[in-house]
Amino acid sequence: MNLNKILIYGSTYLTKITCDFLKPHYDLVGYIPSQNPLIKGKIDLPIVNEDVEHDIKLSIQYDKKLLNIENAFNVHTGLLPEWGGTDILYHTLKEGALEQGMSFHKITEKFDKGPIISKTTYPVFKTDTMVDLYQRLTQICPSFVLGSLKLLECLPSIEECQVHNPRLFKRGNIEDKDLDTYKNFIPTINKLYHI
């Protein structure tokens, strides 16, 4: 698959650091910003629309459903198929998971259900907070995405990659007793990264 020109979807801090890492390797033709990014990132690319010439679309924490999914891929901040949907860091801690990770998959009509190209994991410790897990994501995301794109370039067939029905967590499904911690997560990350 030809990946010379990549159109980015998303405008979070994770999007920013991943784009910065990818620039020496690919022509990032521009980005389409999220409508309401929770953890904002200053993307050093022009804001464009879907009409810009591109080979693939790459969603990194984009907060809307893509309508044109031809050659579209997603960087999901959870291990699919067990951890689909949103608020994955919260649910990881809530369920006492021992590991979490990221998945790179083709986007299809159904959320987080497309063929999985690659995954990577990181450990989760009993004392971890959502901030700790987010910091781990920032450490592994850029190189994980680069490796996934390189893998995508040499795969003989995406359609033969595994597809599962994901378990989906819905945004805002937070227990009342955890609301304060959840609400403080975003300001803490923004302060930590001087956003």
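Quick notes on this one:
- For the stretch 96-191, the relative contact order works out to 30 percent when only alpha carbon pairs closer than 8 Å and six or more residues apart are counted.
- GNM flexibility winner over the chain from S148, S157, S103 (Cα, springs under 10 Å): S157
- The residue list L28, S11, G147 was ranked by how far each Cα lies along the charge dipole of the chain toward its positive end, using unit charges on Cβ atoms, and S11 comes out on top.
- Straight-distance crosslink candidates among aspartates and glutamates, where the alpha carbon sits under 20 Å from K64 and sequence neighbours closer than 8 are dropped: E50, D51, D87, E109, D112
- The residues of the stretch 114-195 present an accessible area of 63 Å² per residue when probed at 1.4 Å with all protein chains retained.
- Between the C-alpha center of the stretch 74-91 and that of the stretch 129-195 there is a gap of 6 Å.
- Here the dipole of the stretch 79-119 is about 160 debye; that uses its Cα centre as origin and unit charges on the Cβ of Lys and Arg (positive) and Asp and Glu (negative).
- Q162-T188 pseudo-label distance in nm [points 7 Å out on the Cα-to-Cβ vector]: 3.2
- Of the whole protein surface, M130 contributes about 20 Å² of accessible area at a 1.4 Å probe radius.
- Over the chain, relative contact order from alpha-carbon pairs under 8 Å, at least 6 apart, %: 22
- Taking 0.36 nm per residue of separation and subtracting the Cα-Cα distance, full extension of the segment from Q139 to N68 would add 22.5 nm.
- Note on the chain: GNM, Cα springs under 10 Å; of T92, T108, T181, the largest mean-square fluctuation is that of T181.
- Note on the stretch 1-92: with charges restricted to the Cβ of Lys and Arg (+1) and Asp and Glu (-1), its dipole about the Cα centre is near 240 debye.
- Local electrostatic count at N71 - Lys and Arg +1, Asp and Glu -1, tallied over other residues with Cβ under 14 Å: -3
- With every protein chain in place, the chain: carbon and sulfur % of accessible area (1.4 Å): 52
- Using the Cβ-Cβ distance between V52 and L98 with R0 set to 45 Å, the FRET efficiency from 1/(1 + (r/R0)^6) comes to roughly 0.60.
- A 1.4 Å probe, protein heavy atoms only, puts the accessible area of C161 near 30 Å².
- Among V124, N184, T108 - extreme Cα towards positive end, dipole of the chain, charges at beta-carbon: N184
- Cβ charges +1 (Lys, Arg) and -1 (Asp, Glu), total dipole of the chain, debye: 360
- Counting every alpha-carbon pair across the stretch 43-175, the share separated by more than 23 Å comes to 34%.
- The residues packed around F169, meaning those with a beta-carbon under 13 Å from its beta-carbon, carry a net charge of -1 if Lys and Arg are +1 and Asp and Glu are -1.
- Note on the stretch 85-186: Lys pairs 8 or more places apart or on different chains, Cα atoms under 20 Å apart, count 12.
- Structure-based [θ]222 nm, the chain - -39500 (n - 2.57) summed over DSSP H runs of at least 4, per residue, nearest 500: -9500 deg cm²/dmol
The values are calculated or read from the model by the stated rules, or taken from the named source; none is laboratory data. Nothing here was measured: the structure is a model prediction, and the numbers come from that model. For neighbour counting, all protein chains shown are included, and Cβ atoms are generated from backbone atoms with ideal geometry for every residue, glycine included. Just so you know, the surface numbers come from the protein's heavy atoms only, side chains and all, with ligands and any DNA or RNA stripped out. Shrake-Rupley method; radii C 1.70, N 1.55, O 1.52, S 1.80 Å.
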